[in-house]
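See structure below.
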Amino acid sequence: MRVAVVVLAAGSGSRFGHSTNKVWLPLSGRRILSRSLTNAVKSFPKSRNVLVINPTDSHLAKEVLSREAHSIKVEIVAGGNSRHESEHNALMHLAPAIEAGKINVVMIHDGARPLATSKLFLDIAQAAHLHGGAIPAIVVDPREIDYSSDREIVRVQTPQAFRAKDLLDAYRSAEVDGFVGTDTAACMEEYFPKVHTIAVPGEVANVKITYPQDLVIAEHVLEMRGYKE
């Protein structure tokens with residue numbers, strides 16, 4: 001399994017109510033982004049690691065990486081105006097290696113999810129390598145939503161992983177068609193609906209830092225873990 005790990009960190013702090021992208025905020029002594037990146041690559045010592053950022057954060061990214069993730073080789077790519085465009089930019093950056101067969105699984109993760117464990121990343125990558133695609137999902141309690149259906153509703157998380165060549169082809173097709181997916185799985189579903197995407201059990205603690213209260217939850221989780229993953 002030849003893995004590329006893509007961490008998305010090109011967003012803004014608008015919903016968080018902060019002028020700075022939330023991924024650069026501190027969380028238990030380290031930046032949110034450095035925790036996300038470290039957990040993402042821990043199980044893949046030979047992975048290609050791509051960090052997608054807003055170009056205006058370039059100096060900050062290099063500073064944080066040198067202080068908190070200096071042992072990780074990271075390639076920085078400029079993000080776009082949407083999540084989909086940022087994913088596309090990362091895949092175009094990796095395209096030569098994918099086409100040469102040097103990468104056969106690409107994993108994409110939100111930089112604002114610092115609590116996903118290294119085991120989850122490994123489980124997702126292995127499932128994608130075996131089946132074609134994998135996403136972590138949490139079953140939603142029907143009492144949480146106003147929805148009447150016999151079908152089970154799930155909440156999808158990241159990391160999401162797919163076979164590299166299929167993923168690259170999907171995003172190239174999307175560029176031609178002007179298609180914009182809400183996440184990686186949406187683009188794959190549009191262009192490779194026959195690819196068997198496996199739902200791997202997600203992690204309840206794998207919260208996305210979106211609002212200030214999410215930081216409080218993340219601090220508590222890390223305290224329970226002894227400030228490790």
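FYI, it's all coordinate maths here, none of it is from the lab. All of these numbers come straight from a predicted model, not from anything done at the bench. When we count neighbours, we look across all protein chains shown, and the Cβ atoms used for this are built from the backbone with ideal geometry, even at glycine.
Here is how the numbers come out for the structure above:
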item	result
Mean Cα-pair separation over length for the chain, i.e. relative contact order, pairs under 8 Å, 6 or more apart, %	25 percent
Dipole magnitude of the chain about its Cα centre (Cβ charges: Lys, Arg +1; Asp, Glu -1), debye to nearest 20	900 debye
Rg and Dmax [Cα atoms of region 1-129; Å; Rg one decimal, Dmax integer]	14.0, 43
Estimated [θ] at 222 nm from DSSP helical runs (n ≥ 4, -39500 (n - 2.57)) normalised by residues in the chain, nearest 500	-12000 deg cm²/dmol
Within a Gaussian network of the chain (alpha carbon springs, distance under 10 Å), most fluctuating of 153, 138, 108	153
Residue 119-residue 102 pseudo-label distance in nm [points 7 Å out on the Cα-to-Cβ vector]	3.4 nm
Within region 66-171, GluC sites (Glu not before Pro) in DSSP loop having at most 10 other beta-carbon neighbours inside 10 Å	152
191, 171, 211 arranged by Cβ crowding within 10 Å, fewest neighbours leading	211, 191, 171
GNM top mover of 43, 71, 82 - the chain, alpha-carbon springs below 10 Å	71
Theoretical gain in end-to-end length, residue 213 to residue 66 [0.36 nm per residue, Cα-Cα removed]	50.1 nm
Calculated FRET value between residue 141 and residue 220, using beta carbons and R₀ = 25 Å, to 0.05	0.75
Per-selection Rg to Rh, the chain - Cα, Kirkwood hydrodynamic radius	0.95
Residue with peak Gaussian network fluctuation, the chain [Cα springs, cutoff 10 Å], from 74, 216, 207	216
